[in-house]
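*Asks:* Take a look at this one; I'll ask things after.
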Amino acid sequence: MIRTFISAFLFLLAVSCAPTLPKEAPTSTQEKSIPLAEDEFTELMRLDSLSKHKVAAESIDVLLSSGPDDPRMSLIVRNNSLCNIIVDITDKSSNTRRLPVVAGKINYIVLLKGMYTLKSSICGAMYFSTKEFTDSTTIILSD
């Protein structure tokens, strides 16, 4: 299991070093039923890219050296859909982090272990889940 996470993060590190431009917003009527604000997505991607090397290093550190006493975990989100998405990650204190994920790509974030609510619109379909994270995890979202 750890070997899978390490492989995924080494891949993430390599991918995150290459600049990626977000794809265009969905154009079909069905996909526009819950529109993604492309300006917001672009801004979140810009902000995400500013700290990506630091987050990648911290994520690798969490994967390689975290134990049961380490309060941190790494959350990897794989977007297998054809649409750019923003995943809202809300903790039990109602603090929300917004993670942009380009269509067909992955993104990751380091969080404290605990209970989280995840929400996103994936090509017009709503995703909502409440999960307790006790270890690093990969979530795969698709349309």
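Bear in mind these aren't lab numbers, they're just calculated from the coordinates by the rules spelled out. This structure is a prediction, so every number in the text was calculated from the model and none was measured. Quick reminder, even Gly has a Cβ in these numbers, built from the backbone with ideal geometry, and neighbours come from all protein chains shown.
*Asks:* Starting from the amide H of residue 127, placed 1.01 Å from N in the peptide plane, find each other amide H under 5 Å away whose residue is 5 or more places distant or on another chain.
*Replies:* The list, which skips near neighbours in sequence, is 120, 121, 122.
*Asks:* Tell me, 41, 133, 128 in order of fewest to most beta-carbon neighbours within 10 Å?
*Replies:* Listing 41, 133, 128 from fewest to most nearby Cβ atoms yields 128, 133, 41.
*Asks:* Could you give me the ³J(HN,Hα) list for region 48-59, computed from phi with Karplus coefficients 6.51, -1.76, 1.60 and θ = phi - 60°, whole Hz, x at Gly and Pro?
*Replies:* 4, 5, 5, 10, 4, 5, 5, 5, 4, 5, 5, 5
*Asks:* Once you put a point 7 Å from the Cα of residue 137 and another 7 Å from the Cα of residue 125, both along the Cβ direction, what distance in nm separates them?
*Replies:* Once both label points are built, they end up 2.0 nm from each other.
*Asks:* What are the trypsin sites (Lys or Arg not before Pro) within region 72-104 that DSSP puts in a loop, where the Cβ has at most 11 other Cβ atoms within 10 Å?
*Replies:* On the way: sites: 72, 78, 92, 97, 98; in loops: 92.
When the trypsin sites (Lys or Arg not before Pro) of region 72-104 are filtered for loop state and at most 11 Cβ neighbours within 10 Å, 92 remain.
*Asks:* A follow-up question, please. Checking the a/c ratio against 1.5 first, then a/b against b/c, what shape does the Cα gyration tensor give for region 49-122? The partial results should precede the final answer.
*Replies:* On the way: a/c = 2.11, a/b = 1.33, b/c = 1.58.
In terms of gyration-tensor shape, oblate.
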